[in-house]
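Report on one structure; see the data block that follows.
The values are calculated or read from the model by the stated rules, or taken from the named source; none is laboratory data. Being a predicted model, the structure only gives us computed values, none of them experimental. Cβ sites come from the backbone with ideal geometry, for glycine too, and all protein chains shown count toward neighbours.
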Amino acid sequence: MYTEQHIAVLQWLIEKVNEGFTIKQAVELKEASAFNENVELAEVQKSNYIEQLAEKIAESLLEFDERKAQDLLNQAYSLYSIDRVTIELFGLIRHYVEKRLKNGEKTRLINSFAKIS
């Protein structure tokens, strides 16, 4: 029994063969496009992950949980380059803290951070 996805793939292969591709070429083209889609999805997931990591680090800093913040930073440095952590991750952390400040969520640390910036 074929799913709708299987039928769509078969129709796509037939279309490519009718355009002059061999079946092997059509399959290779389909596999390459599927690979590219997976790479793009992985990039989006990585981007979301660094944002989630920044939020977790900011929360742990706001809660004065130094150990958790350090563990998360160690994790960030093990996954990303020093440049990316320094520029992107710390930028996201600052943005997150500023957003909380604009939303009226003030803590002693946020007020201190706002005065420094």
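For the structure I just gave you, tell me whether Lys115 is of a type in the set (Lys, Arg), modelled with pLDDT under 80 and surrounded by 11 or more Cβ atoms within 10 Å (Cβ to Cβ). Criteria not met by Lys115.
Looking at Lys24, Lys56, Lys99 in this structure, which one is modelled with pLDDT of 85 or more and part of a helix (DSSP H, G or I)?
Working: Lys24 fails: modelled with pLDDT of 85 or more; Lys99 fails: modelled with pLDDT of 85 or more.
None of the other options fit; the residue is Lys56.
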